[in-house]
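Novice: Can you keep this structure in mind? I'll have questions shortly.
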Amino acid sequence: MAGSGCASPPRVDSENRIAQAAGLGQAIEYRTSGGPDDVGEVSGDTLTMEQAVRWGLERSSKVQQALARTRVAMSEAEQVRLLPNPILSVVFRFPEGGGNPTIEAGLAAEVFSLLRRPGEMRAADLKLRSAGAESLVEALNVVLSVQEQFVAVQGLEAELSLLEQRRKELDGVLEREKSRKSAGESSGLDVLGFKLERAKVDADLMDRRSSLREAQLGLTRLIGMPSGHLQWRVVPWRAEEIDGGDESAWVESALEHRPEIQALRWELAALGEEADLASSPWREGTEAGVAAERDGGKWSVGPSVSVPIPFLDWGQARQMGAEARLVEARHKLTQIRRQVIEEVRRAWGAVRDGQRTIALLQDELIPLLEQQQSRVQAMFMAGEVDQTRVLLAQQQLQEARIRKIEQERRLATAGAQLVWAAGGVQAAKQVKGTTRPVK
C-alpha cells in the first residue's frame, strides 16, 4: 500500500506479469492502435503451442483492453497526487452616480481536498493494483482458450491419421478379397462387407475433417488470423505425463495466486479507504485563501475562509452507500474463493480420472484387442470364421485407439485447466508435482 506522502504510485508491470504467468520468456507488448483483423501468417507449415500462446496474448483485444484499463488506473493514481489549482475571483462594483469602482479580489484553495488527499492516494493505488490483477485474469483466460483449442486440433489430427491408416488397410483387404473372389475362394458377401466398413470409415473421416476445420478456425481467431489459410498443422500429437500432485496443495496455491482473488483483495482495501473518507463529509467544500478589496483608492487585504454548514446533508447517505459497497465486496470475495476451490478440484479430479482411464486403455484393453484381432485374422485366413468377425475385431481396436487419443486430449486439457486454476505457470511451479504443458 502506498504511503500518504507524494510518493509515486506503485509499479504495476502487467506485461511482465502476464508473460511469467503464461510461461513466456519475454514480456508482451502494449499496443495503442486497434490493429487489423489479421496479423501476419503462420511461418512454415507447423504451429507450436508456445507460439500460439504468445500470439494469442499479444494479439488479444481483451488483453489489450485490460492493459489500457491499467493505464487509466495509473493516470488516476497520478492525478490524485497533484495539488488542486487555486481559484482566483475578481468582482467589480460601480457606485451609483459615478466615481471609482470598488474592486474585490480573492485567491482561494480547496482545503478539503488536501485533507482527503492521503486517503484518496491510498485508494487510487489500491485500485491500480486491482486493475493490474484484472489484466492478469484476462490473460490467463486467453492462455487457457488457446491451449484448449490447440489440443483439440492436435487430437483431431491424430484421430484423422488413425482413420486414414485404417482406410488404407481396408483398401488392401478389399484388393485381396477381390482376388480371392475371382479365384472362387471368397463369396461376394465378404467383398460387400469390407466395402461397407470402408464407407463407414469414409463417413468418420468426413466428420473428423469437419470438426478439425471448426477447431482450426477457432484457433486462427484466437491467434489473430481469422481470415488466414488452414493449410498449416500443429506440432504432432504427443501425450504428456502429468503429475497432479496433492489436491490440497493446488487449492492452497490457487487461493494465494489466483488474480481474481488478488484483484478483489485490492478492491476491498480501496473500498475501505473510501468508506473512511465518506465518514467525514463536513469538511467537503471548505476553502481558505486571501481576499483583497479596493475602495476609494485604498486596498485592504486579509485571510478568508468558507466552511459549509452540515445542516441538511451531513453525509449519512454517502457513508451508508460506501459501507454497503464494502459489504458487497466482502461477499463477492467469499464467492470467488469458493468458485476457485471448485475449479481446482474439478481440474485435479479430471487429471486423476484421465490418468486412470488412459492406463486401463493402454495397458489392458488395447493389448487384448490387438491379440484378438491377430487371432481372428489368422482364423479368417484358415476359413474358420467369416469376415464379420474380422470387421468387428478391427472396429473394436480402432475405437479403442481413438478413445485413447480422446482421453489423452481430455487429460491435456485438464492439465491446462489445473495450471490456470492455480494462477498460471509460475504459481503452478511452486506446487509439488506440477503439470507440464503440452508442447
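What follows is calculated from the coordinates using simple rules that are stated; it is not laboratory data. Computed from a prediction, not measured in an experiment: that's the story for all the values here. FYI the Cβ positions are ideal-geometry reconstructions off the backbone, even for glycines, and counts take in every protein chain you see.
Novice: If I take R0 = 25 Å and measure r between the Cβ atoms of SER33 and GLU214 in this structure, what FRET efficiency does the formula 1/(1 + (r/R0)^6) give, to the nearest 0.05? Kindly include the intermediate steps, with their values, before the conclusion.
Specialist: Working: r = 30 Å, r/R0 = 1.22.
Taking R0 as 25 Å, the efficiency between SER33 and GLU214 is 0.25.
Novice: Quick one: length gained pulling GLN316 to THR334 fully straight, 0.36 nm per residue minus the C-alpha distance? The partial results should precede the final answer.
Specialist: Working: separation 18, 0.36 × 18 = 6.48 nm, distance 2.76 nm.
Additional length available on full extension: 3.7 nm.
Novice: If R0 is 56 Å, what FRET efficiency do you get for GLU175 and ASN141 from their C-beta distance, rounded to 0.05?
Specialist: On the way: r = 52 Å, r/R0 = 0.93.
The formula returns an efficiency of 0.60 here.
Novice: Long-range amide H contacts for GLY424: which residues qualify at under 5 Å (H placed 1.01 Å from N, peptide plane, sequence gap of 5 or more or a different chain)?
Specialist: none
Novice: For GLU175, GLU76, which order do you get if you count the other beta carbons within 10 Å of each Cβ and list the fewest first?
Specialist: Lowest to highest Cβ neighbour count: GLU175, GLU76.
Novice: Can you tell me how much longer the chain between GLN26 and ARG69 gets when fully stretched, taken as 0.36 nm per residue apart minus their C-alpha distance, in nm with one decimal? Don't jump to the answer; show the numbers that get you there.
Specialist: Details: separation 43, 0.36 × 43 = 15.48 nm, distance 2.16 nm.
Net length gain for the segment: 13.3 nm.
Novice: For region 412-428, take each phi angle, set θ = phi - 60°, evaluate the Karplus expression 6.51 cos²θ - 1.76 cosθ + 1.60, and give the result in whole Hz per residue in order, putting x for glycine and proline.
Specialist: For region 412-428, the Karplus curve yields 5, 5, 5, x, 5, 5, 5, 5, 4, 5, 7, x, x, 4, 4, 5, 5 Hz.
Novice: Once the piece of chain linking LEU192 and GLU384 is laid out straight, how much longer is it, given 0.36 nm per residue of separation minus the C-alpha distance between them? Could the numbers behind the result be given before it?
Specialist: Numbers: separation 192, 0.36 × 192 = 69.12 nm, distance 1.91 nm.
Extra length available between LEU192 and GLU384 comes to 67.2 nm.
Novice: Kindly state, to the nearest 0.05, the FRET efficiency for LYS429 paired with SER89, given R0 = 56 Å and r defined as their beta-carbon distance.
Specialist: Numbers: r = 62 Å, r/R0 = 1.11.
Calculated value: 0.35.
Novice: Sticking with this one: Given the peptides 334-346, 393-405, 116-128, 22-34, arrange them by the average over their residues of other C-beta atoms within 10 Å, most packed first. Mind showing how you got there, number by number?
Specialist: Values: 334-346: 15.3, 393-405: 18.4, 116-128: 21.8, 22-34: 13.2.
Highest-to-lowest ranking by the protection proxy: 116-128, 393-405, 334-346, 22-34.
Novice: Could I ask something else about it? Amide H of VAL234: which non-local residues (sequence gap of 5 or more, or other chain) have their own amide H closer than 5 Å, using H built in the peptide plane?
Specialist: LEU47
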